[in-house]
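The values are calculated or read from the model by the stated rules, or taken from the named source; none is laboratory data. Small disclaimer: the values here were computed from a predicted structure and weren't measured. Here the Cβ positions follow ideal geometry from the backbone for every residue, glycine too, while neighbour counts run over all protein chains shown. With ligands, DNA and RNA removed, areas are computed over all heavy atoms of the protein, side chains included. Shrake-Rupley method; radii C 1.70, N 1.55, O 1.52, S 1.80 Å.
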Amino acid sequence: MARLSDKQLRVIVSILAIVACIYQYRFFRESYSKVFQRSQSARSPFFLQRTAPVVAFLPPESREAGLAEGDRVIAINGVPFTGMRVLGVAMAHAKAGDSVRVTFQPGGGGPERTATILLRAPPGMRNPWVGLFLHFIMPAFSFALGFWVVFVRPHDGRAWILLAVMVSFTSIFSRQVDIHEWSDVDRPVGLLIRVFMGRSWPFWLLMLALHFPEKLWHWRWINTLAWLVGFPLVLQAAVDLAFEAARMESFDVAASIGPIAQLFHTIDFLPMVAIGIYFATLGVQWGIARTPDAKRRAGLLNVGSHLSMTPTFILVLRSIFTGSEMFGDGPGGFNIVALLMHAIFPITLAYIVVVHRAMDVRVVLRTGLQYALARRGLVVIEFLVLSAAIAYAVLAVDPSETPTERFVQILPAIVVVVALMPLSKRLREWVDRRFFREAYNAEQILSELSEEVRSIPETSSLLETVGQRISECLHVPQIAVLLRSDGMFRPAYAMGFGDTPDASFAENSPLVARLQQPVSVYVDDPDSWVHHDWQDGYERDSLLRLAPRLLLPLSAKAGMLGFLSLGPKLSEEPYSPSDMRLLKSVAVQTGLAIENSKLTEAMAREMAEREQLNKEMAIARDVQRRLFPQKFPSVQGVTYAGGCIPAQSVGGDYYDFLELKEGLFAFAVGDVSGKGMPAALLMSALQASVRGQALNGIIDLAVFSANVNQLLYDMSPRSHFATLFYAIFEPASRRLLYANCGHNPPILLRSSGGTLALNPTGPGVGLSMRSTYRHAETTLQAGDILLAFTDGITEAMNPQNEEFGEVRLQDALSEARTLAPEAILQHIVTTVEQFSAGAPQHDDMTAVVFKVNEI
């Protein structure tokens, strides 16, 4: 049989959720009416024996009308009383004050009689807020949580067990409703959930213990004991379901099933046995867990179960020994605590099923406290404490008691309210000092680190700075950085290992193939990819020697340069989404910095070997040439070309072509102030900043320009800056988004013959940290040509000290409009050279031609 896909399973889950919603809606509506709108409903005129239509108990209004215990009900409102559905039809829309005619035969014999009973409202709960929690909040919360977990992990059998536990959990704690009053559509659903799931909850609890966090198939005596106890409970639930369904339609059929149902009720003690086995099995799970993660999950489930069930168990014992209603009498404060503690059980179940890596109980408590005690969380907590104090004062007061007794009962609430104000201020100060100062500092330091790495020229210093900062901020004792060299990835820096770990990975390693994005590693999970699909056992052992929890690729223009290996935190907490976001930013900037560092180091090594300045400048020029595009991505519907002629060996002009995500294409032209080596170095910083922002996926050109401005401002002397034109082209729509940061307006030559200047949208970058930018856009047509250039072309001089100018440039572009982009560039260069007539070139000349193909 073919395995169902996630989509097919989610369709099934959605159908089951709709069925559950039908039940919940009907249950909520009836419960709300009986708890908060008592006058809009009526209580049943009698209660029958289990297997026959014989009166077992009567409310006062029925006794006053002449009905007595032991009487046999014959008809209701003239309809033969064959099953409970008849009573349901009569009571479905009845209200207090309505009447119902009951035909009955006296228990002592005699002719049939008819009694007209004036219906009364159902008795109210002493604590209606208890009813609100049990009948509305808890069922909705548990159903939603159970179906959400199954929807998230549809192929996880444990998620389905959790759903069954959630459904049965709500059934046993919800007030009994009169399902016989429901319609023919929702009655079967009500019977299935209320009767079968409600009676079989101990079985699902046992299945939970056998499967969480790991299956206990190898402990046969536990499995045997669990099934010996659980299977009879499932049979009992099935028999009760059949009996209740038959009782709805026919008392005669129900009477034939009744002896079997009664026989199964001799095992009513088994639910308590099942609970004992459940807790014992959780203890076994915790003791024999094969991995630390499984041990943590078992510990969380054990603690969550005890916290959730212990208060209710105390109330059950009190109810058994005192005969009082479980949630109706006694100290209101403890009742509220017991009710609120119910929510811990489903939350714990959802957590240990959904998360891939569970935290230790102590870490969960500490982390939960951190989130709960955030500034806004403190306000919510103060509000909840105040509300709880008021609710306690209202619910604890008994109108029959004396004023003094009432005052004594509400005195704790008064004390809480008075003490709340000064305590809240101290709590805020303690929270800031204990939790969030450290968290803020970690985020601040990592954010600064992602900017700082660009300015560290030496690779060894760069790696040491990155490793130590991450270790200090996130409390990670073991960190390694592996860099690519001669086709292998080897440790270039390591801390926390003693000696440098013996680890290496080939470029075609399965690990390297996975590192297109951050990868979480669970060495202690036997089902993890870490233990499977390795081509080389040495590489698997290498990874185990690194003992990582998170691997982050260090990528740049040349591909993946290496990766970061981060070990477990001292707290054993998993890396949070906030950690991942910051670490990814650090990794991106570190990769770019390593690439620039390697280029700088290569340039420095080569220059040191040269004795003459012209050879050194030749090396620098060669290195700078590598910063220009080496590959030209194919763009649908357009052709393009670019080139740069420096005035000296190296220069400050820049152009680039970038292939972005989702099919977008970007190009840039820039001009750095100054000449020679200083301009060339600043040009490399401009190139790294532009590519860094592009690799980060920023397509909002106002934000893009502002970020490049800030980066260049931080890295350059105050007297240096750059102009930049950056554009993003959408091939499908031919839309061109651009930002012109103080650059010469590119010329857009329309196919119709007209021209358009793409004027500046902001000042140059690196001038001021207060500069603001915007973006503009235009739509290109077939045959349009866009020319972006630097001022070295328009300011080229002839022997008469005349400038070439934009008019001549536009004329040259029009003359060559039918040519290919490479030929257009060559025509412009030739025209400028002819105009200059041998005059020296004073500035770099750079241009990019972008041409939309004719249809």
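If a residue has to be farther than 20 Å from Y522 by Cα and hydroxyl-bearing (S, T, Y) to count, how many in the stretch 554-583 make the cut?
1
Would you say N759 is open to solvent by less than 40 Å² (accessible area, probe 1.4 Å) and either at pLDDT 90 or above or not in a strand (DSSP E or B) (or both)?
no
So in the stretch 258-315, with the set limited to residues that are charged (D, E, K, R) and part of a loop (DSSP other than H, G, I, E, B), which one is most open to solvent (accessible area, probe 1.4 Å)? Reasoning before the result, please.
First, pick out the residues of the stretch 258-315 that are charged (D, E, K, R): 268, 290, 293, 295-297.
Then drop every residue that is not part of a loop (DSSP other than H, G, I, E, B), which leaves 268, 290.
Working: D268: 83, R290: 168 Å².
Within the stretch 258-315, the match that is most open to solvent (accessible area, probe 1.4 Å) is R290.
So, of the residues in the stretch 561-588 that are crowded, with 17+ Cβ neighbours inside 10 Å and of a type in the set (D, E), which turns out to be nearest to the chain's Cα centre (by Cα)?
D579
Taking the stretch 63-96 as the region of interest, how many residues are touching a strand residue (DSSP E or B) at 6+ places or on another chain (Cβ under 8 Å), touching a residue at least 24 places away in the same chain (Cβ under 8 Å) and not aliphatic (A, V, I, L, M)?
The number of residues fulfilling the criteria is 8.
If I filter the stretch 634-665 down to residues being assigned to a strand (DSSP E or B) and in contact with a Gly (Cβ under 6 Å, 6 or more places away or on another chain), which single residue comes out as least open to solvent (accessible area, probe 1.4 Å)?
Start the filter on the stretch 634-665 by keeping residues that are assigned to a strand (DSSP E or B), which leaves 638-645, 653-659, 665.
This time we only want the ones that are in contact with a Gly (Cβ under 6 Å, 6 or more places away or on another chain), so: 654-655.
Values: Y654: 0, Y655: 18 Å².
The qualifying residue least open to solvent (accessible area, probe 1.4 Å) is Y654.
Quick check on the stretch 607-628. Is at least one of its residues modelled with pLDDT of 70 or more, touching a Leu at 6+ places or on another chain (Cβ under 9 Å) and either under 23 Å from A492 (Cβ atoms) or of a type outside the set (S, T, Y) (or both)?
Scanning the stretch 607-628 turns up at least one residue that is modelled with pLDDT of 70 or more, touching a Leu at 6+ places or on another chain (Cβ under 9 Å) and either under 23 Å from A492 (Cβ atoms) or of a type outside the set (S, T, Y) (or both).
Among what's in the stretch 12-44 and is at pLDDT 80 or above and open to solvent by 80 Å² or more (accessible area, probe 1.4 Å), pick the residue that is nearest to S99 (Cα to Cα).
The selected residue is C21.
Residues in the stretch 192-211: is at least one β-branched (V, I, T) and surrounded by fewer than 19 Cβ atoms within 10 Å (Cβ to Cβ)?
no
Could you look through the stretch 764-779, keep only residues that are closer than 30 Å to A732 by Cα and in a strand (DSSP E or B), and pick out the one that is most open to solvent (accessible area, probe 1.4 Å)?
E777
Looking at A558, A506, can you tell me which residue is surrounded by fewer than 17 Cβ atoms within 10 Å (Cβ to Cβ) and either basic (K, R) or modelled with pLDDT of 80 or more (or both)?
The match here is A506.
Any idea which residue in the stretch 694-720 is nearest to A847 (Cα to Cα), counting only those that are polar (S, T, N, Q) and either open to solvent by less than 10 Å² (accessible area, probe 1.4 Å) or assigned to a loop (DSSP other than H, G, I, E, B) (or both)?
Of all residues in the stretch 694-720, those polar (S, T, N, Q) come to 696, 705, 707, 709-710, 716, 719.
Next, from what is left, pick out any that are either open to solvent by less than 10 Å² (accessible area, probe 1.4 Å) or assigned to a loop (DSSP other than H, G, I, E, B) (or both): 696, 705, 709, 716, 719.
Values: N696: 26, S705: 21, N709: 22, S716: 24, S719: 25 Å.
Looking at the filtered set, the residue picked out is S705.
Which of the residues spanning the stretch 463-483 are touching a Leu at 6+ places or on another chain (Cβ under 6 Å) and open to solvent by 30 Å² or more (accessible area, probe 1.4 Å)?
Within the stretch 463-483, R469, H475 qualify.
Is it the case that some residue within the stretch 669-679 is under 40 Å from the mean Cα position of the chain (by Cα), under 17 Å from Y738 (Cα atoms) and without any contact (Cβ under 8 Å) to a residue 60 or more places away in the chain?
Checked the stretch 669-679: no residue is under 40 Å from the mean Cα position of the chain (by Cα), under 17 Å from Y738 (Cα atoms) and without any contact (Cβ under 8 Å) to a residue 60 or more places away in the chain.
List, please: which pairs have Cβ atoms under 8 Å, are six or more places apart or on different chains, and start with a residue in the stretch 290-301 that is under 10 Å from T348 (Cα atoms) and end with one that is of a type in the set (V, I, T) and at pLDDT 75 or above?
L300/T348; L301/T348
Kindly indicate which of L216, L225, L206, L241 is outside any helix (DSSP H, G or I) and either under 33 Å from the mean Cα position of the chain (by Cα) or modelled with pLDDT of 80 or more (or both).
L216
On the given criteria, is E822 among the charged types (D, E, K, R), closer than 21 Å to L658 by Cα and assigned to a helix (DSSP H, G or I)?
yes
Each row is one residue, and each column tells you yes or no for (1) over 55 Å from the mean Cα position of the chain (by Cα); (2) at pLDDT 90 or above.
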position	(1), (2)
S62	yes, no
I76	yes, yes
V79	yes, yes
L87	no, no
A90	no, no
A94	no, no
D98	no, no
V102	yes, yes
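List the number of the failed condition for L736; all other conditions in (1) assigned to a strand (DSSP E or B); (2) closer than 29 Å to Q841 by Cβ hold.
(2)
Taking the stretch 829-855 as the search range and keeping residues that are open to solvent by less than 60 Å² (accessible area, probe 1.4 Å) and free of Cβ contacts under 8 Å to residues at least 40 places away in the same chain, which one is farthest from G753 (Cα to Cα)?
Selected residue: F835.
What do you reckon, is K631 of a type outside the set (G, A, S), open to solvent by 40 Å² or more (accessible area, probe 1.4 Å) and modelled with pLDDT of 75 or more?
Yes; evaluated as a whole, the condition is true for this residue.
State yes or no: is F725 under 19 Å from Y655 (Cα atoms), aromatic (F, W, Y) and touching a Cys at 6+ places or on another chain (Cβ under 8 Å)? First the steps, then the outcome.
Details: under 19 Å from Y655 (Cα atoms): yes; aromatic (F, W, Y): yes; touching a Cys at 6+ places or on another chain (Cβ under 8 Å): yes.
Yes: the conditions hold for F725.
Can you tell which of P568, P526, P501 is assigned to a loop (DSSP other than H, G, I, E, B), at negative phi and modelled with pLDDT under 80?
P526
Being at positive phi and either under 32 Å from the mean Cα position of the chain (by Cα) or open to solvent by 40 Å² or more (accessible area, probe 1.4 Å) (or both) is the filter here; which residues of the stretch 487-498 pass it?
Going through the stretch 487-498, the residues at positive phi turn out to be 487, 496, 498.
Within the stretch 487-498, G496, G498 meet the criteria.
Mind counting the residues in the stretch 798-826 that are open to solvent by less than 30 Å² (accessible area, probe 1.4 Å), over 54 Å from the mean Cα position of the chain (by Cα) and of a type in the set (A, V, I, L, M, F, W, C)?
Within the stretch 798-826, residues that are open to solvent by less than 30 Å² (accessible area, probe 1.4 Å), over 54 Å from the mean Cα position of the chain (by Cα) and of a type in the set (A, V, I, L, M, F, W, C) number 4.
Taking the condition modelled with pLDDT of 80 or more and either surrounded by fewer than 14 Cβ atoms within 10 Å (Cβ to Cβ) or aromatic (F, W, Y) (or both), does F334 pass?
For F334, the condition - modelled with pLDDT of 80 or more and either surrounded by fewer than 14 Cβ atoms within 10 Å (Cβ to Cβ) or aromatic (F, W, Y) (or both) - is not met.
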